[in-house]
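Worksheet for the structure shown next.
The values are calculated or read from the model by the stated rules, or taken from the named source; none is laboratory data. Here the structure is a predicted model, which means the values were calculated and not measured. Using ideal geometry, Cβ is built from the backbone for each residue, glycine included, and neighbour counts are taken over all protein chains shown. Quick note on the areas: whole protein, heavy atoms, side chains included, nothing else; ligands and nucleic acids left out. Shrake-Rupley method; radii C 1.70, N 1.55, O 1.52, S 1.80 Å.
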Amino acid sequence: MSEILDRTAYQRPGSFSEATGRMSKNMNYFKINYVLFTAAVLAAFILYNPTSLIILSVVGAAWTYVYLVRTEPLKIGDRPISEREKLLGMSGASLLVVFFMSSAGSVIFQAFGVALLCIGAHSAARVPDDLFIDDANGEGGFFSFLQPPRPGITGSVA
């Protein structure tokens, strides 16, 4: 945590290519911190907007009822609804409610925008020279931490 907040490691980039190079290295190094920061910003925006919190809670309760609480199959008339139709129907209804019938979608987009702005500013201004970055493993992309380790690569946890 001290690496991300080290005040002496920030400097204005000299050019656009330098800024994008820094962003690439910092995104690879701080990716978990950036995901956690985005989640915290999203949670704060939702908590500070009670209407969105209520709407998202109702949508979550509907999903819980349809998939966990209800034991008998859903039917329209005498025709049972398949799992695929249930998933598509709930997804469509959720998108409709969250993005078109309420302000919850706007709050979510604002939270992602603020998080993206902060992450972009940090990753462009942070000089990655003192970071331990393994360039050979940096080709996996932003979500490379979700992939299992490759055979032959051993790591130790201190």
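Does the range 51-60 contain at least one residue that is over 22 Å from Gly113 (Cβ atoms) and among the small types (Gly, Ala, Ser)?
yes
Restrict the check to the range 23-39 and report whether at least one residue is β-branched (Val, Ile, Thr), open to solvent by 50 Å² or more (accessible area, probe 1.4 Å) and free of Cβ contacts under 8 Å to residues at least 60 places away in the same chain.
Within the range 23-39, one or more residues are β-branched (Val, Ile, Thr), open to solvent by 50 Å² or more (accessible area, probe 1.4 Å) and free of Cβ contacts under 8 Å to residues at least 60 places away in the same chain.
Being of a type in the set (D, E, K, R) and open to solvent by 70 Å² or more (accessible area, probe 1.4 Å): is that true of Arg12 here?
Yes; evaluated as a whole, the condition is true for this residue.
Would the range 60-80 turn up any residue that is touching a Ser or Thr at 6+ places or on another chain (Cβ under 8 Å), of a type outside the set (Lys, Arg) and either open to solvent by less than 90 Å² (accessible area, probe 1.4 Å) or in contact (Cβ under 8 Å) with a residue 12 or more places away in the chain (or both)?
yes
Which of the residues that make up the range 45-56 are under 19 Å from Gly92 (Cα atoms) and under 19 Å from the mean Cα position of the chain (by Cα)?
Residues satisfying the conditions are Ser52, Leu56.
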